[in-house]
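Worksheet for the structure shown next.
FYI, it's all coordinate maths here, none of it is from the lab. All figures in this text were calculated on a predicted structure; none of them were measured in a lab. As a convention, Cβ positions derive from the backbone with ideal geometry for all residues, glycine included, and neighbour counts pool all protein chains shown.
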Amino acid sequence: MRQGTKPLDVLWTRIESWASPGVPDLFGVYKGESFWVELKLHKLKSVKYIDLSPQQILWQTRHSQAGANVWNLVGHPASRTVKLYRGARAIELGRDATRTEDLVPCYECDAPYDWSTVMDTIALDRV
């Protein structure tokens, strides 16, 4: 992600998660907007849940409710697809054994990734 967004002048800060459980992997600023991004890899192309810890769900829910811009970027290496999900949906995104339908992402793209649209979605597409 960092390499793909380098030409876009995104300011990234990598967060060491061991220092504070639940805090997303990245803090970024793009076009004057700040945001948090949790990075996840998914082995299956269908996404019925995102493997978020209870601390991550709590952090994303509380900070989203307070007005923070929080996202989950889920990559599927085999299909070379990335999907974006809002942190405000963290409770819904977590593991649910009864879910039969795939989660619907806010944005999805295949390689080669359109990092400009990914970043516009993250930084500028708020609910």
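Numerical summary
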| item | result |
| --- | --- |
| Considering residues of region 1-21 that are assigned to a loop (DSSP other than H, G, I, E, B) and crowded, with 18+ Cβ neighbours inside 10 Å only, the residue farthest from the chain's Cα centre (by Cα) | Val10 |
| Residue list for region 82-119, restricted to those being under 13 Å from the mean Cα position of the chain (by Cα) and farther than 18 Å from Leu52 by Cβ | Tyr107, Glu108, Val118, Met119 |
| Neighbours by Cβ (under 8 Å, 6+ apart or cross-chain): first from region 14-35, under 17 Å from Val74 (Cα atoms) and in contact (Cβ under 8 Å) with a residue 24 or more places away in the chain; second part of a strand (DSSP E or B) and basic (Lys, Arg) | Leu26/Arg14 |
| Hey, Lys83 basic (Lys, Arg) and buried (at least 18 other Cβ atoms within 10 Å of the Cβ) or not | yes |
| Scan of region 40-62 for residues that are in contact with a Ser or Thr (Cβ under 9 Å, 6 or more places away or on another chain) and surrounded by fewer than 12 Cβ atoms within 10 Å (Cβ to Cβ), ordered by number | Lys45 |
| Flag for Ala90 being exposed (fewer than 14 other Cβ atoms within 10 Å of the Cβ) and either touching a Cys at 6+ places or on another chain (Cβ under 7 Å) or more than 20 Å from Thr5 (Cα to Cα) (or both) | no |
| Pairs, first within 24 Å of Leu124 (Cβ to Cβ) in region 74-97, second of a type outside the set (A, V, I, L, M, F, W, C) and part of a helix (DSSP H, G or I), C-beta under 6 Å, six or more apart | Leu84/Thr121; Gly87/Gln60; Gly87/Ser64; Ala88/Ser64; Ala90/Gln60; Ala90/Thr61 |
